[in-house]
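Let me begin by presenting the structure, written as structure tokens, before commenting on it.
The values are calculated or read from the model by the stated rules, or taken from the named source; none is laboratory data. The structure presented is a predicted model; accordingly, all values stated were derived computationally and were not measured. So basically every Cβ, Gly included, is an ideal-geometry build from the backbone, and we count neighbours across all protein chains shown. Remember, those area values only see protein heavy atoms, side chains included, never the ligands or the DNA or RNA. Shrake-Rupley method; radii C 1.70, N 1.55, O 1.52, S 1.80 Å.
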Amino acid sequence: MSRPDLDWIDEAVRIIDADANRSADTHLHVFPLPAEWGIDLYLKDESVHPTGSLKHRLARSLFLYGLVNGQIGPSTVLIEASSGSTAVSEAYFARMLGLEFVTVVPRSTSREKIELIEFYGGRCHYIDQPSAIYSEAERLAAECGGHYLDQFTYAERATDWRGNNNIAESIFTQLREERHPIPYWIVVGAGTGGTSATLGRYVRYRRHPTHIAVVDPENSSFYRAWQTGDMAYCTGMPSRIEGIGRPRVEPSFLPGVIDEMLPVPDAGSLAAMRLLRQRTGHWAGGSTGTNLYGAFQLIARMIAEGRTGSVVTLVCDGGERYANTYYDDGWIAEQGLDLEPHRAVLDEFFDTGKWRAGPER
Ligand SMILES: Cc1ncc(COP(=O)(O)O)c(C=O)c1O
């Protein structure tokens, strides 16, 4: 590689590090639970990142990974397959480095998401067949000699699981002064699988007795694949909860670091998401509701086992992105979703500490 390119990479790494240095760490909020339970629930708020979601961390890692590998240079066109949070964050870093960014998105992608990607200077390349996003991104990269960032393959590789202020190290650092500093459960969803991979590896590497639980929405492949060990299992169907649940098992999904998986009905996710807002004022997205629905279930199990301790889950992104969908009763009705039975399960849980399994859907 020429000297000028190496100088450019050097400066690009400095710019990304400087951006990280200007950012404060994301908060760890307490979700209030009945004191007599002896259990503390924490929310790691990733919606406060500059680009509004946990994907800000991944995008930064994918850029640094591509830069130090010599795959990204001063005129590289960057390509991704994402209609969501990752593309928004990657567009932000591409603009910071003065690089062109194109993301392959299903034509059904929400206006809000498109506008956010374009706000950071990204360009959307539309396709009709959602399952073709990977091959289309590869084709585009080959056609223009660009670099396919490929979050689904490299999320687990590009993220430093040993520390370096990754999401796991940040959580354990922020719990240090708490009465239960080592959580019994950490509960997250899976899109690429990168977040659960990082948390699971870190916990094992640091030899913490913490259990990792992954929640999975309807139509996703992960739960069944984890249960059966069949990583080729494929539903071919998109998830209704943005950011999590996949039609196929993604390469960055590491079943070996996951202690438990919980399937969560979409109506349950959205009921829990709305309950979060009512009880704490936090306005979050659907995948945060999925996390909470799973966390409440595991807390009920801890109570039944007579166990005290702490549980941590994530606020993955902000609710403002879903004002016209998950927070819109009309959209909920159009989807044929009924949140009431799940709301009843949640209310009973807060009254009794017991979890009466709600409807499957
Ligand atoms: C809103 C939201 N929540 C959760 C996730 C899951 O994170 P991961 O891809 O690390 O599994 C994503 C991933 O795209 C997301 O966008």
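Looking only at residues that are of a type in the set (Val, Ile, Thr) and closer than 12 Å to Thr195 by Cβ in segment 161-181, which one is surrounded by the fewest Cβ atoms within 10 Å (Cβ to Cβ)? Among those that are of a type in the set (Val, Ile, Thr) and closer than 12 Å to Thr195 by Cβ, it is Ile171.
Of the strands (runs of 3 or more DSSP E) contained entirely in segment 86-196, those carrying at least 3 residues that are assigned by TED's automatic domain parsing to the domain that holds Gly73 fall at 101-106, 123-127.
In segment 15-34, the residue that is surrounded by the most Cβ atoms within 10 Å (Cβ to Cβ) out of those that are among the aliphatic types (A, V, I, L, M) and not in a loop (DSSP other than H, G, I, E, B) is Ile16.
Condition check: assigned to a loop (DSSP other than H, G, I, E, B) and either touching a Cys at 6+ places or on another chain (Cβ under 9 Å) or within 13 Å of the ligand (Cβ to nearest atom) (or both). Does Ser239 satisfy that? For Ser239, the condition - assigned to a loop (DSSP other than H, G, I, E, B) and either touching a Cys at 6+ places or on another chain (Cβ under 9 Å) or within 13 Å of the ligand (Cβ to nearest atom) (or both) - is met.
So which pairs qualify, if the first residue must be in segment 62-82 and closer than 17 Å to Arg3 by Cβ and in contact (Cβ under 8 Å) with a residue 12 or more places away in the chain, the second must be of a type in the set (Val, Ile, Thr) and open to solvent by 30 Å² or more (accessible area, probe 1.4 Å), the Cβ gap must be under 6 Å, and the two must be at least 6 apart or on different chains? Note: pairs meeting the criteria are Leu67/Val13.
You will find that of Leu99, Leu116, the residue that is under 24 Å from Tyr65 (Cβ atoms), under 20 Å from the mean Cα position of the chain (by Cα) and in contact (Cβ under 8 Å) with a residue 24 or more places away in the chain is Leu116 and no other. Restricting segment 111-133 to residues that are within 16 Å of the ligand (Cβ to nearest atom) and under 22 Å from Ser53 (Cα atoms) leaves a set whose member that is surrounded by the most Cβ atoms within 10 Å (Cβ to Cβ) is Ile117. Scanning segment 244-270 for residues that are touching an Asp or Glu at 6+ places or on another chain (Cβ under 8 Å) and part of a helix (DSSP H, G or I) yields Asp266, Ala267.
Checking every residue in segment 250-260 against the condition of being open to solvent by 60 Å² or more (accessible area, probe 1.4 Å), touching a Phe, Trp or Tyr at 6+ places or on another chain (Cβ under 7 Å), touching a residue at least 40 places away in the same chain (Cβ under 8 Å) and within 16 Å of the ligand (Cβ to nearest atom) gives at least one match. The number of residues in segment 84-96 that are farther than 18 Å from Glu11 by Cα and either more than 19 Å from the chain's Cα centre (by Cα) or away from the ligand (no atom under 16 Å from the Cβ) (or both) comes to 0. The condition of being touching a residue at least 60 places away in the same chain (Cβ under 8 Å), part of a helix (DSSP H, G or I), out of contact with any His (no Cβ under 9 Å at 6 or more places or on another chain) and open to solvent by less than 10 Å² (accessible area, probe 1.4 Å) holds for Gly294. Checked against the criterion of being loosely packed, with under 11 Cβ neighbours inside 10 Å and in a loop (DSSP other than H, G, I, E, B), the candidates Gly336, Gly330 yield just one match: Gly336. Restricting Gly309, Gly353, Gly286 to those that are within 15 Å of the ligand (Cβ to nearest atom) and either in contact (Cβ under 8 Å) with a residue 24 or more places away in the chain or not assigned by TED's automatic domain parsing to the domain that holds Pro183 (or both) reduces the list to Gly286.
Just one of the listed residues (Glu156, Glu218) is of a type outside the set (S, T, N, Q), modelled with pLDDT of 95 or more and more than 15 Å from the ligand (Cβ to nearest atom), namely Glu218. What residue, among those in segment 56-83 that are within 11 Å of the ligand (Cβ to nearest atom) and not in a helix (DSSP H, G or I), is surrounded by the fewest Cβ atoms within 10 Å (Cβ to Cβ)? Ranking the candidates gives Ser83 first.
Criterion first (within 12 Å of the ligand (Cβ to nearest atom), modelled with pLDDT of 95 or more and either assigned to a loop (DSSP other than H, G, I, E, B) or not assigned by TED's automatic domain parsing to the domain that holds Gln297 (or both)) does Gly200 satisfy it? No, not satisfied.
If the condition is being in contact (Cβ under 8 Å) with a residue 60 or more places away in the chain, of a type outside the set (Ser, Thr, Tyr) and away from the ligand (no atom under 16 Å from the Cβ), then segment 30-55 contributes Phe31, Pro32, Leu33, Pro34, Trp37, Gly38, Ile39, Asp40, Leu41.
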